[in-house]
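For reference, the structure discussed in these notes is given below.
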Amino acid sequence: MISDVGVLKYIIYLRENNIRLYLDDKKIKYKAMDGTSNEFISEFREYIGKNKNQFIKVLKNINDGIELSSIQKSYILGMDTDCELGGTNCAYYIEYSINNIDTVRLEKIINELIFENEGLRCFFVDINKYVIFDTFDKYKIKKLDNNLDYTEIRNLIFNKKYSYYDWPLFDFYVHKDSNIDDRLYFIFNCIVLDAWSASNLIKKIFDRYFFDIYKKSVSTDYSTYKRKESLYLDNLETEEYHKYLSDGMKKYSIPELKYKRDFSEIKKVTFKRVDYEFTVNETKEIFSKLKLLGYTPTMYIAACYARFLAEVSGKESSSIILTMNGRKNIIENENDIIGEFSNIAVLNYKKSGNFCDDLKNIRNSILEILEFIEHDGMESFKYIKQNKLGQIVSPFVLTSVIEEDTTMEGFVTENYSISKTPQVIIDHHIRLIRNSMVISWDYVEELFEKEYIETLFNNYIKLLHNMKLNIL
């Protein structure tokens with residue numbers, strides 16, 4: 001008996017050999033291209049015959065599969081090298097230092113969580129549909145060669161390119177080191193996990209590993225949520241939302257930086273990170289003052305980022321893409337579910353008299369965005385693209401995940417993290433690490449002179465500090 005994942009991978013293998021399996025009244029049938037050898041046909045028919053019931057179950061599951069969200073489809077399309085700055089996965093990589101990692105215990109916990117969470121058991125059968133399977137071969141943590149240095153490891157893991165029909169679309173690696181703490185490496189494809197879910201997953205892993213704290217998930221939550229969401233979206237009134245998009249996207253303004261190459265010349269993208277960490281006291285001071293004035297840290301950073309991009313572009317306006325937590329209140333415990341729930345929104349900025357006015361305008365814009373958060377933000381691009389198929393239209397992104405710090409003082413230290421996203425030039429992340437606000441840019445290395453991007457980032461940090469004085 002093979003696992004559901006084994007069946008799914010075999011179905012993909014046959015598809016790659018121009019053979020498609022399908023169900024016809026509970027009978028397994030196939031279509032083969034002319035020229036397929038009789039020997040090959042005989043082999044796969046024998047193999048399927050030995051596992052007939054399981055193939056029937058999985059093929060039925062495929063027929064009843066869940067439709068991908070618009071943002072998941074965009075991640076798959078972005079893997080196409082014909083897209084400007086495409087040809088890469090949308091992925092996030094994190095590395096941690098942990099004393100003397102018990103790989104066996106950690107592996108057991110990861111497998112428990114895969115079993116408990118449907119979002120970790122998604123298999124993408126094509127660009128429109130995925131299935132959630134029941135059985136899988138035991139996931140094994142990958143152990144790294146002790147002779148590799150940390151730069152080699154980072155490049156090895158981060159540059160790995162997943163096919164969308166791989167499973168799993170996340171990986172854990174352990175590197176044992178006799179001289180310093182061991183390293184745990186985690187990479188996930190954003191097609192299966194959003195930033196909030198990834199933080200939730202890491203917290204569950206660390207809670208179990210260090211403290212034996214078990215909060216068991218209900219296995220069917222993710223599929224229940226996704227099917228209810230589909231019905232919910234079908235019943236949403238969209239007229240007002242599309243009027244909002246039609247009016248708002250007329251203000252859309254792409255910032256213009258100094259690039260050393262045309263987008264069309266770049267066939268392979270490499271992402272690098274620059275970052276800056278505010279002190280704990282600075283973070284507390286900023287957060288407290290913002291709360292007192294009725295602003296969130298995301299509003300503050302968004303105002304600074306949009307203002308900065310407008311200034312370096314020599315413009316009065318700029319537009320950025322906000323990555324949003326798109327969970328809808330349609331199931332009891334939606335915030336605990338692990339999966340992909342991302343939504344996006346376009347934030348348009350126009351310079352006003354002073355930063356306080358900018359901040360107020362950004363807050364009003366974000367509050368207006370939140371009125372439409374239940375709608376599909378990818379609809380924005382229908383009004384922006386105007387037949388610009390494959391061209392860059394949303395290159396500057398802001399992702400804020402500051403609700404929770406997943407590191408655990410005395411147990412875990414986050415050493416490094418970085419993301420990559422097709423058709424994005426700079427992905428600006430805001431995170432809370434060890435109670436400090438960390439600002440980072442993940443940027444396409446091929447587009448910038450190193451000195452230019454570092455100067456740009458340093459000037460942005462200066463702006464953050466200067467604007468901080470305006471609110472304190």
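Just the residues that are open to solvent by 10 Å² or more (accessible area, probe 1.4 Å), part of a strand (DSSP E or B), within 24 Å of I98 (Cβ to Cβ) and in contact (Cβ under 8 Å) with a residue 40 or more places away in the chain, please, taken from the range 413-459.
Result: T413, E414, N415, Y416, L432, I433, V438.
For the range 264-298: of the residues being hydrophobic (A, V, I, L, M, F, W, C) and at pLDDT below 95, which is surrounded by the most Cβ atoms within 10 Å (Cβ to Cβ)?
V269
Look at K161 and say whether it is farther than 24 Å from S97 by Cβ, basic (K, R) and modelled with pLDDT under 95.
Judged against the criteria, K161 is a match.
For the range 234-249, which residues satisfy the criterion of being more than 15 Å from L370 (Cα to Cα) and open to solvent by 70 Å² or more (accessible area, probe 1.4 Å)?
Within the range 234-249, D234, N235, E237, E239, K243 qualify.
Being touching a helix residue (DSSP H, G or I) at 6+ places or on another chain (Cβ under 7 Å) and in a helix (DSSP H, G or I) is the filter; apply it to the range 460-472 and report the residue that is surrounded by the fewest Cβ atoms within 10 Å (Cβ to Cβ).
My answer is N470.
Can you tell me how many residues within the range 186-242 are outside any helix (DSSP H, G or I) and either free of Cβ contacts under 8 Å to residues at least 40 places away in the same chain or of a type in the set (D, E, K, R) (or both)?
8
Restricting to the range 40-51, count the residues that are open to solvent by 100 Å² or more (accessible area, probe 1.4 Å) and under 24 Å from Y130 (Cβ atoms).
Summing the residues that are open to solvent by 100 Å² or more (accessible area, probe 1.4 Å) and under 24 Å from Y130 (Cβ atoms) in the range 40-51 gives 0.
Results for (1) open to solvent by less than 70 Å² (accessible area, probe 1.4 Å); (2) more than 17 Å from Y349 (Cα to Cα), shown as yes or no for each residue.
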{"site": "D207", "(1), (2)": "yes, yes"}
{"site": "Y214", "(1), (2)": "no, yes"}
{"site": "P255", "(1), (2)": "yes, no"}
{"site": "D262", "(1), (2)": "no, yes"}
{"site": "E311", "(1), (2)": "no, no"}
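I'd like to know if the range 364-380 contains one or more residues that are of a type in the set (G, A, S), more than 21 Å from the chain's Cα centre (by Cα) and open to solvent by less than 50 Å² (accessible area, probe 1.4 Å).
yes
Go through the range 110-132 and give me each residue that's closer than 22 Å to L184 by Cα, of a type in the set (A, V, I, L, M, F, W, C) and open to solvent by less than 10 Å² (accessible area, probe 1.4 Å).
Selection gives I110, L113, I114, L120.
What about Y383, is it aromatic (F, W, Y), over 27 Å from K160 (Cβ atoms), part of a helix (DSSP H, G or I) and modelled with pLDDT under 95?
Taking the combined requirement at face value, the residue satisfies it.
Considering (1) of a type in the set (D, E); (2) assigned to a helix (DSSP H, G or I); (3) surrounded by 15 or more Cβ atoms within 10 Å (Cβ to Cβ), say which one E152 fails and leave the rest.
(3)
Specify the residue that is nearest to Q72 (Cα to Cα); the eligible residues are those in the range 386-402 that are part of a loop (DSSP other than H, G, I, E, B) and either within 19 Å of the chain's Cα centre (by Cα) or modelled with pLDDT of 85 or more (or both).
Applying the filter and picking the extreme gives S394.
Please work out if R363 is in a loop (DSSP other than H, G, I, E, B) and basic (K, R).
no
Read through the list (1) open to solvent by 10 Å² or more (accessible area, probe 1.4 Å); (2) acidic (D, E); (3) more than 23 Å from the chain's Cα centre (by Cα), then give the number of the only condition that D358 fails.
Just one mismatch for D358, condition (1).
Somewhere in the range 91-109, is a residue among the aliphatic types (A, V, I, L, M), more than 30 Å from F210 (Cα to Cα) and either open to solvent by 50 Å² or more (accessible area, probe 1.4 Å) or in contact (Cβ under 8 Å) with a residue 24 or more places away in the chain (or both)?
No - not one qualifying residue is present in the range 91-109.
Restricting attention to the range 262-282, does a residue exist that is in a loop (DSSP other than H, G, I, E, B), closer than 19 Å to V397 by Cα and either of a type in the set (S, T, Y) or touching a residue at least 40 places away in the same chain (Cβ under 8 Å) (or both)?
Yes, the range 262-282 contains a residue that is in a loop (DSSP other than H, G, I, E, B), closer than 19 Å to V397 by Cα and either of a type in the set (S, T, Y) or touching a residue at least 40 places away in the same chain (Cβ under 8 Å) (or both).
Looking at (1) touching a helix residue (DSSP H, G or I) at 6+ places or on another chain (Cβ under 7 Å); (2) modelled with pLDDT under 90; (3) within 27 Å of F186 (Cα to Cα); (4) surrounded by 15 or more Cβ atoms within 10 Å (Cβ to Cβ), which one does D405 not meet, given that it meets all the others?
(1)
Take K315 and tell me if it is in contact with a helix residue (DSSP H, G or I) (Cβ under 8 Å, 6 or more places away or on another chain) and of a type in the set (K, R).
no
Might you let me know whether the range 60-69 holds any residue that is small (G, A, S) and within 32 Å of the chain's Cα centre (by Cα)?
Scanning the range 60-69, I find at least one residue that is small (G, A, S) and within 32 Å of the chain's Cα centre (by Cα), so the answer is yes.
Hey, among the residues in the range 1-22 that are part of a strand (DSSP E or B) and open to solvent by 60 Å² or more (accessible area, probe 1.4 Å), which one's farthest from F55 (Cα to Cα)?
The residue in question is R20.
The values are calculated or read from the model by the stated rules, or taken from the named source; none is laboratory data. If you're wondering where the values come from, they're calculated on a predicted model, not measured in any experiment. Neighbour counts run over all protein chains shown; Cβ positions are idealised from the backbone, glycine included. Only protein heavy atoms, including side chains, enter the accessible area calculation; ligands, DNA and RNA are left aside. Shrake-Rupley method; radii C 1.70, N 1.55, O 1.52, S 1.80 Å.
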